[in-house]
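**Student:** My structure is below; once you've seen it, I'll send some questions.
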Amino acid sequence: MDLQKIMAKARDVAKSSGTITAEQLNGMCPNNMQPEDIAALFTALRAEGIRLKDDEAEK
């Protein structure tokens with residue numbers, strides 16, 4: 001997993017609102033992510049101040 005590439009994309013998506021949806025994040029990630037990679041991604045998102053927004057809130 002290339003965490004830096006995923007984080008760069010997440011920053012671009014979240015730059016205006018500070019949030020990203022789970023659907024958007026899933027689209028950026030490879031299907032074979034390991035649990036420790038997912039944990040590292042969520043830690044990095046929190047460190048950047050990017051919040052995960054519920055997809056249902058969009059509807």
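The values are calculated or read from the model by the stated rules, or taken from the named source; none is laboratory data. Because the structure is a prediction, the values reported are computed rather than measured. Neighbour counts are summed over all protein chains in view; Cβ atoms, including those assigned to glycine, are modelled from backbone coordinates with ideal geometry. Side chains included, ligands, DNA and RNA excluded: accessible areas come from the protein's heavy atoms. Shrake-Rupley method; radii C 1.70, N 1.55, O 1.52, S 1.80 Å.
**Student:** What pairs come out if I take residues in region 6-33 that are under 15 Å from Gly49 (Cα atoms) and pair them with residues that are among the hydroxyl-bearing types (Ser, Thr, Tyr) and part of a helix (DSSP H, G or I) whose C-beta lies under 7 Å away, six or more apart or interchain?
**Tutor:** Pairs that qualify, where the first residue is under 15 Å from Gly49 (Cα atoms) and the partner is among the hydroxyl-bearing types (Ser, Thr, Tyr) and part of a helix (DSSP H, G or I): there are none.
**Student:** Can you name every residue in region 26-40 that is out of contact with any Lys or Arg (no Cβ under 9 Å at 6 or more places or on another chain) and under 13 Å from Leu3 (Cβ atoms)?
**Tutor:** Cys29, Pro30, Met33, Gln34, Glu36, Asp37, Ile38, Ala39, Ala40
**Student:** So which residues in region 22-52 are charged (D, E, K, R) and over 15 Å from Arg11 (Cβ atoms), if there are any at all?
**Tutor:** The first filter runs over region 22-52 and keeps only residues charged (D, E, K, R), leaving 23, 36-37, 46, 48, 51.
Of everything in region 22-52, those that are charged (D, E, K, R) and over 15 Å from Arg11 (Cβ atoms) turn out to be Glu23, Glu36, Asp37.
**Student:** For region 20-33, does any single residue satisfy the condition of being of a type outside the set (Gly, Ala, Ser), assigned to a loop (DSSP other than H, G, I, E, B) and surrounded by 12 or more Cβ atoms within 10 Å (Cβ to Cβ)? It would help to see each step written out before you state the result.
**Tutor:** To start, the set of residues in region 20-33 that are of a type outside the set (Gly, Ala, Ser) comprises 20-21, 23-26, 28-33.
The next check asks that each one be assigned to a loop (DSSP other than H, G, I, E, B); those that pass are 29-33.
Checking which are surrounded by 12 or more Cβ atoms within 10 Å (Cβ to Cβ) leaves us with 29, 33.
Among the residues of region 20-33, at least one is of a type outside the set (Gly, Ala, Ser), assigned to a loop (DSSP other than H, G, I, E, B) and surrounded by 12 or more Cβ atoms within 10 Å (Cβ to Cβ), which makes the answer yes.
**Student:** State the number of residues belonging to region 41-59 that are surrounded by 15 or more Cβ atoms within 10 Å (Cβ to Cβ) and closer than 13 Å to Leu3 by Cα. Give the derivation first.
**Tutor:** Step one: filter region 41-59 for residues surrounded by 15 or more Cβ atoms within 10 Å (Cβ to Cβ), giving 41, 44-45, 50, 52-53.
Now narrow it down to the ones that are closer than 13 Å to Leu3 by Cα: 41, 44-45.
Residues that pass the stated criteria total 3.
**Student:** Something else now. May I ask you to verify whether Arg11 is open to solvent by 40 Å² or more (accessible area, probe 1.4 Å), touching an Asp or Glu at 6+ places or on another chain (Cβ under 7 Å) and either among the basic types (Lys, Arg) or part of a loop (DSSP other than H, G, I, E, B) (or both)? Break it down stepwise before answering.
**Tutor:** Numbers: open to solvent by 40 Å² or more (accessible area, probe 1.4 Å): yes; touching an Asp or Glu at 6+ places or on another chain (Cβ under 7 Å): yes; either among the basic types (Lys, Arg) or part of a loop (DSSP other than H, G, I, E, B) (or both): yes.
In short, yes.
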